[in-house]
Amino acid sequence: MEEVPQGCPGTGSAQAGRGASCQGCPNQRLCASGAGAAPDPAIEEIKEKLKTVKHKILVLSGKGGVGKSTFSAHLAHGLAEDENTQVALLDIDICGPSIPKMMGLEGEQVHQSGSGWSPVFLEDNLGVMSVGFLLSSPDDAVIWRGPKKNGMIKQFLRDVDWGEVDYLIVDTPPGTSDEHLSAVQYLSAAHVDGAVIITTPQEVSLQDVRKEISFCHKVKLPIIGVVENMSVFVCPKCKKESQIFPPTTGGAEVLCQDLKIPLLGKVPLDPHIGKSCDKGQSFLIDAPDSPAALAYRGIIQKIQEFCGLHQPKEEHLISS
């Protein structure tokens, strides 16, 4: 299908091809016929491609700037510390790809082979793919409409040759937009273990987490749990704790209690995390005994336990 207009009711709607916004659209006749509502053949292709991936985890956040990509990067680092665990990190934040920088892979390029795109390997057991690898400069802006973003996500999921992988971590953009719907739709036939939702303690962030949780429920995406980033600041000298972002409504802990969702852990604010990311290094190696590193490790262990208990079964995510 060609690019869709703003206000498109969607192929599954009763107004498909008949709504006011459909007038003049090149897809109008196709949508009105009902043919556009047929399942995308890429869904089955992606299911086949990802048969070699045991566990698939989406990392979500309601707001930007809460540490979602930082968490995704360190989840990958932490899982890959076991040399026998194969880890893949997929960055589908099309307009703000920060994973190449955080993983120390800026300037790397993607190569194609007969079996598809080859990910960029940080370690023998840690592969990474991002639209950032396709840009001529990290300063280049990606100015794409929804359909082009969706096509890129489809290509990543269908054409990247990950090989045998234990964990695929998908770092998403903030919010509940085209990229999230595309990822859920294209993975609908594959087994997705669930989503990890990242937040900070203040209510302005938690408001959007509630929307993210609602999104997960609507598309039947399991929620592994919530991670509260920047929970407190621990002074490196006196070790006193300060709340930089006060949890005026009780923070993630109260939210999780109210909504009966697991709180995976709280990661304290540590300036060294940002420094490690800017240098493209693992904070878990740079400061292994810090409170934040210990918090990360506890969260990673809980995610591994969740995945171990939820082995692949027939999937029920939305498929259109």
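The values are calculated or read from the model by the stated rules, or taken from the named source; none is laboratory data. None of these values were measured; they are calculated from a predicted model. Backbone-built Cβ (ideal geometry, glycine too); neighbour counts: all protein chains shown. With ligands, DNA and RNA removed, areas are computed over all heavy atoms of the protein, side chains included. Shrake-Rupley method; radii C 1.70, N 1.55, O 1.52, S 1.80 Å.
Here are the numbers for the structure shown:
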item	result
Within segment 219-239, tally of residues that are in contact (Cβ under 8 Å) with a residue 12 or more places away in the chain and among the charged types (D, E, K, R)	2
Condition broken by SER61, with the remaining ones in (1) under 27 Å from PRO138 (Cβ atoms); (2) polar (S, T, N, Q); (3) out of contact with any helix residue (DSSP H, G or I) (no Cβ under 7 Å at 6 or more places or on another chain) satisfied	(3)
Matching option when the condition is out of contact with any Asp or Glu (no Cβ under 6 Å at 6 or more places or on another chain) and surrounded by fewer than 18 Cβ atoms within 10 Å (Cβ to Cβ), among SER98, SER137	SER137
In segment 220-243, residue farthest from THR70 (Cα to Cα) [restricted to those that are surrounded by fewer than 21 Cβ atoms within 10 Å (Cβ to Cβ) and touching a Leu at 6+ places or on another chain (Cβ under 6 Å)]	LYS220
Leading residue by the ranking (nearest to LYS240 (Cα to Cα)) among those in segment 275-294 that are touching a residue at least 12 places away in the same chain (Cβ under 8 Å), among the aliphatic types (A, V, I, L, M) and surrounded by 14 or more Cβ atoms within 10 Å (Cβ to Cβ)	ALA292
Residue check, TYR167 closer than 22 Å to SER130 by Cα and modelled with pLDDT of 95 or more	yes
Single match in GLY251, GLY308 (criterion: of a type outside the set (Lys, Arg), more than 14 Å from VAL227 (Cβ to Cβ), open to solvent by less than 70 Å² (accessible area, probe 1.4 Å) and modelled with pLDDT under 95)	GLY308
Residue check for GLN155: part of a helix (DSSP H, G or I), more than 30 Å from GLY250 (Cβ to Cβ) and open to solvent by 30 Å² or more (accessible area, probe 1.4 Å)	yes
Selection within segment 192-204 - farther than 29 Å from LYS49 by Cβ and surrounded by fewer than 23 Cβ atoms within 10 Å (Cβ to Cβ)	GLN202, GLU203, VAL204
Test: residue in segment 168-179 that is part of a loop (DSSP other than H, G, I, E, B), in the same structural domain as MET103 (by the TED database) and at positive phi	yes
Test: residue in segment 167-186 that is open to solvent by 10 Å² or more (accessible area, probe 1.4 Å) and either in contact with a strand residue (DSSP E or B) (Cβ under 6 Å, 6 or more places away or on another chain) or within 20 Å of GLY107 (Cα to Cα) (or both)	yes
Segment 126-141 residues that are more than 18 Å from HIS74 (Cα to Cα) and touching a residue at least 24 places away in the same chain (Cβ under 8 Å), paired with ones that are open to solvent by 10 Å² or more (accessible area, probe 1.4 Å) and among the polar types (S, T, N, Q) (beta carbon under 7 Å, 6 or more apart)	PHE133/GLN109
GLY96 being among the small types (Gly, Ala, Ser) and either within 21 Å of ILE300 (Cβ to Cβ) or part of a helix (DSSP H, G or I) (or both)	no
Complete set of residues in segment 254-273 that are without any contact (Cβ under 8 Å) to a residue 40 or more places away in the chain and surrounded by fewer than 18 Cβ atoms within 10 Å (Cβ to Cβ)	VAL254, GLN257, ASP258, LYS260, PRO271, HIS272
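Yes or no, residue by residue, for (1) out of contact with any Asp or Glu (no Cβ under 9 Å at 6 or more places or on another chain); (2) at pLDDT 95 or above:
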| position | (1), (2) |
| --- | --- |
| SER69 | no, yes |
| THR85 | no, yes |
| LEU105 | yes, yes |
| SER113 | no, no |
